[in-house]
Every structure is written in structure tokens, then in C-alpha cells.
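Dropping a structure here in C-alpha cells format, bear with me for questions.
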Amino acid sequence: MTIARSRQISLQDTPYYHVVSRCVRRAFLCGQDAHSGHSYEHRRQWVVDRIGQLSRQFAIGVCAYAVMSNHYHLVLKVEFETAARWSEREVAERWAALFQWPPLVRRWYQHESLIAPELEVVRGVIAEWRERLHSISWFVRLLNESMARQANQEDGCKGHFWEGRFKTQALLTESALLACMAYVDLNPVRAALADRPEQSDYTSIKQRLEDEEPKVTLPPLLLPFANPGKQDGLPCVFIDYLMLVDWTGRAIRADKRGHIPEGLAPILQRLSLDEVQWLRQVTLFRRRGIRVMGDKTRCLRYAEHCGQRRCHQPLP
């Protein structure tokens, strides 16, 4: 039975969520279509550009992303507190970058005199915009609608471009977050599109490694990793994450031989993980029907906050 999107997001339990959206038509979202012979490789940049635009307007941080031939992955962080701190004028300015204002809001923004009922309407509209600007549903909606319009225009057709609603997974623990990010960044490696993460185009890990190079367009705003000795940022320093992704990729792929880097041990010890448990957790993200990742206690609490008696989770 389909569960309402609002009952799959519980900010009391976690701000982190894994999002997947798949294309419905046989013609690919991106890449080379073997049936028609057409190349849709340029569409990958469409997705990255739109994520870049949305990440600058929404109070939603991008932890990781990967744009594949017929789907994309996002790991997002809902930054509710950031949206709450915005002034009404800042909320209106951010919304104006995505949609046109109604005339009443334009008059308010230009400091025209409004009567009390009109001001009440304006404040209600802006409060609704504030909610939408930290909503994963609205983030993905604007991303998917933009892609569908562009692709349909290019293909000269109408109809659905996406197979249905996007899928979400709640990431309740630091280990679940890092495992999901590694899973997303390694998608091109597992699909044999690249043999190493640093050559995986249209992924967050390659963007992070190339951040100092000049960009023609604005890339997605990626959440930073924690600095040594500080608590802010993602729960890992970048060099440890690079070694973690590299080791995970070598261990998951049966056709690759390698050894665990010496620098990897501290992060596994810090997160109380062993190698078998870590690899099992990473591979679980490809399974359907799993909507939440984390330990049993947090999964049960998440289900309660979402108004569910239980949620489908992997066995401990």
C-alpha cells in the first residue's frame, strides 16, 4: 500500500534522506539509447544544472548525487532551522527565482500601502512558500518537472517522463548516511561506466575533487565535510570519506582486487562498524521496499513519528 509522502519524512528523527527517481520511457534520461541510436548524454548536465539552481534557493543541502542513464540519486539534508531564520523578504526573493509573484506580493515588496486583510494574505502566502522551500517533495517536483518539459520538447512528444513518485529512504544514523553517500557515489563504478570514483562523471565525489577548477555553470551546492576537531558539517573528514569510498568500491566489486587502506580503520572504529556489516549496509540501498536505514530503536521511533506501527527495515 502506498504511503503518503508526508508520512515518510520525520524531521524529529533525521534531516537526511536518500531520493531516487526513475525514467518511464524506453528512451533514456541520459546516455546512449541502443534502440534509437540517439545520444542523450547532454541531459546529464540538465539535471546537474537544475540541482545547482534549486540547491541555492531551497533550505535543503545536497550531500551526494549521481546522474545515471535512466535514473538519478540524491542524498539530501532538510535544513529546517535555516528556513526559519529567513526574513519574509528573503523568502519572497528565493521564491521569485523559481516562480512569478502574485500582484499583491509585488505591491508588498515594493513597500506600497496595504490594508490589514491584504497584509494577512501576503504573510500567509509567504509562510506557505517558507514551508515549500524546505520540502523534499517540492525540491524533487521542480527538478522532475523541468527535466520532463525539456525532454518532451526535445523528443517531440507528450506524456509521462518519470515512472511515478520518487522513492525516499530515511537515514537515521551517521553510518547509514555515510553508507548511502558511498552507495550513490559508486553508482557509475558498479555500472561499469568508470573504473574509479574520480573518473565518475556527474557525481558529487567528482565535483568535490574538482571544486577548484573554474565552472561554466553553477554546480550543486554540496554540504561540506567536517573539519578536524569541529562538529559542523558531514560526520566525516573528506580524506577519510575518499578512502572509505575507494575501499568500499574495491570490496563490493568481485572483479577487483585490493586491500583495505590503513587510514580507513579509524573511521570504522569511530562508527562502531565491522567490514561485513558495512558492506551489507551499502548494498541494501539497491533493494526495493526499504524506506528507512538505521538501528532498530531509531527505526521504531521514526515509524511512530510518521504515524505507522512499523516500517520495513533490513534485519539487524
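Please specify each residue of the range 149-182 satisfying the condition of being hydrophobic (A, V, I, L, M, F, W, C) and in a helix (DSSP H, G or I). Full working, then the answer.
The initial filter retains those residues of the range 149-182 that are hydrophobic (A, V, I, L, M, F, W, C), namely 151, 157, 161-162, 166, 170-172, 176-182.
Across the range 149-182, the qualifying residues are ALA151, ALA176, LEU177, LEU178, ALA179, CYS180, MET181, ALA182.
Given the criteria within 16 Å of PRO188 (Cα to Cα), at pLDDT below 90 and not in a strand (DSSP E or B), does GLN12 qualify?
No; evaluated as a whole, the condition is false for this residue.
Right, another one. Given the criteria surrounded by 17 or more Cβ atoms within 10 Å (Cβ to Cβ), at pLDDT below 95, in contact with a strand residue (DSSP E or B) (Cβ under 9 Å, 6 or more places away or on another chain) and closer than 17 Å to VAL184 by Cβ, does LEU74 qualify? Reasoning before the result, please.
Values: surrounded by 17 or more Cβ atoms within 10 Å (Cβ to Cβ): yes; at pLDDT below 95: no; in contact with a strand residue (DSSP E or B) (Cβ under 9 Å, 6 or more places away or on another chain): yes; closer than 17 Å to VAL184 by Cβ: yes.
No, not satisfied.
Results for (1) assigned to a helix (DSSP H, G or I); (2) in contact (Cβ under 8 Å) with a residue 60 or more places away in the chain; (3) in contact with a Leu (Cβ under 7 Å, 6 or more places away or on another chain); (4) assigned by TED's automatic domain parsing to the domain that holds VAL75, shown as yes or no for each residue.
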position: PHE139; (1), (2), (3), (4): yes, yes, yes, yes
position: LEU142; (1), (2), (3), (4): yes, yes, yes, yes
position: MET147; (1), (2), (3), (4): yes, yes, no, yes
position: VAL184; (1), (2), (3), (4): yes, yes, no, yes
position: PRO188; (1), (2), (3), (4): yes, yes, no, yes
position: ASP195; (1), (2), (3), (4): no, no, no, yes
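Right, next: Testing GLU120 on (1) farther than 23 Å from THR82 by Cβ; (2) assigned by TED's automatic domain parsing to the domain that holds LEU300, one condition comes back false. Which one is that?
(2)
Can you tell me which of (1) in a loop (DSSP other than H, G, I, E, B); (2) within 21 Å of MET181 (Cβ to Cβ); (3) of a type in the set (Ser, Thr, Tyr) is the one TYR65 doesn't meet?
All conditions are met except number (1).
Next up: Got at least one residue in the range 84-100 being part of a strand (DSSP E or B) and either crowded, with 17+ Cβ neighbours inside 10 Å or in contact with a Gly (Cβ under 6 Å, 6 or more places away or on another chain) (or both)?
No, that holds for no residue.
Right, here's the next one. Residues of the range 152-181 being within 30 Å of LEU300 (Cα to Cα) and at pLDDT below 75, which ones?
GLY164
Of everything in the range 185-223, what is acidic (Asp, Glu) and modelled with pLDDT under 90? Give them in sequence order.
If the condition is that a residue be acidic (Asp, Glu) and modelled with pLDDT under 90, then ASP195, GLU198, ASP201, GLU210, ASP211, GLU212, GLU213 are the ones that fit.
The values are calculated or read from the model by the stated rules, or taken from the named source; none is laboratory data. Computed from a predicted model, the values in this text were never measured in an experiment. Cβ atoms come from the backbone with ideal geometry, glycine included; neighbour counts cover every protein chain shown.
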